[in-house]
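Worksheet for the structure shown next.
The values are calculated or read from the model by the stated rules, or taken from the named source; none is laboratory data. What you are looking at is a predicted structure, and each value in this text was computed from that prediction instead of being measured. Note that each Cβ is placed from the backbone with ideal geometry, even for glycine, and that neighbours are counted across all protein chains shown. Heads up: the accessible areas ignore ligands, DNA and RNA and are worked out on the full protein's heavy atoms, side chains in. Shrake-Rupley method; radii C 1.70, N 1.55, O 1.52, S 1.80 Å.
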Amino acid sequence: MKILTELELIAACVGLLDDRTNLSGVERKIIRLVSAKSLPAHDIDSIRESIWQGNDPLGEAFSIIRPAHHRRSIGAVYTPSPIIHSMMAWLKEQGIPTRIVDPGAGSGRFIIASGETFPNAQLIAIEIDPLAALMLRANLAVRGWTARATVLVKDYRTVKLPRCAGVTAFIGNPPYVRHHQIAEDWKSWYTSRFAEFGIKASAGGITFTLFLANALIG
């Protein structure tokens, strides 16, 4: 089926979810928009089958439905599969991480590829957009990974991860937003944190450099 609106996309996610107990408040708010609307079972089955085949029909629909300028405002760029596979192959050459973190997980393309590549790794997906987080949860649910991955619906810059005994790998396509759209307090945070490592950083950096600073601090 072809998903044409955000309401249909939300309804598709709801139809695929196997557990709603861990949804954030903002996710619960948007699923109420489709409380009186659901997709036919055969449409849900079609989407589920596409996901099982390794596709991302939810993410593809989102990239078409949500206008590009809205997606760019929060750095939402959905990475093509060949690039993801190449990055996962590189990561595998570096060793076996205990934990894998995606700071801007979107519909879950990187975190799902990570879970397939490293079946014993702890998975943490961070996503600020509640609709994208729902798509991620739906993709995880189809694979039976609801309990395996932790989904945090937050700004990744505010997340404090617990210490991990093994190696943590940060992977993904960090949000790309130009410095003009970054608040001054975050610029100050960024430059001061890099200074702790003896690195002089420009306040004119873009969002993925904030991700690097956060990764260094852990």
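Taking the criterion of being surrounded by fewer than 18 Cβ atoms within 10 Å (Cβ to Cβ) and closer than 24 Å to residue 148 by Cβ, the residues of segment 18-35 that qualify are 18, 19, 20, 21, 22, 24, 25, 26, 28.
Being in contact (Cβ under 8 Å) with a residue 24 or more places away in the chain, open to solvent by 50 Å² or more (accessible area, probe 1.4 Å) and not hydroxyl-bearing (Ser, Thr, Tyr) holds for only one residue in 65, 124, 96, 112, and it is 96. Looking at the structure I just gave you, is residue 107 closer than 19 Å to residue 134 by Cβ and at pLDDT below 90? So residue 107 fails the test.
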